[in-house]
């Protein structure tokens, strides 16, 4: 997958909401130095919780239509890459 999420293939609002939230997060981080305000940056990322939960509660990722399935997987990859770009989870120590 090469992150070619196509909003035209979304068939429900939960896909659209998640996609919009990802774009909002990316817009925020491209307009600010993430080292400037850690608390605000974490709050921006955490604000996606509702859209993520709603997506998984209401969307079947492995749709029978292969193009919709692929698009949903690319949307999730886009989400993961967005978080990976702004938080280094590997540096968080386990308890």
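Read-outs throughout are calculated quantities, based only on the coordinates presented, and are distinct from any laboratory measurement. It should be emphasised that the depicted structure is a prediction, and the values quoted were computed from it without experimental measurement. As a convention, Cβ positions derive from the backbone with ideal geometry for all residues, glycine included, and neighbour counts pool all protein chains shown.
Quick rundown of the values:
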item: Most to least packed among 52-64, 8-20 [average Cβ atoms within 10 Å]; result: 8-20, 52-64
item: Inter-label distance for residue 66 and residue 4, nm, one decimal - labels placed 7 Å from Cα along Cα-to-Cβ; result: 1.4
item: Percent RCO, i.e. relative contact order, over the range 7-85, from Cα pairs under 8 Å lying at least 6 residues apart; result: 44
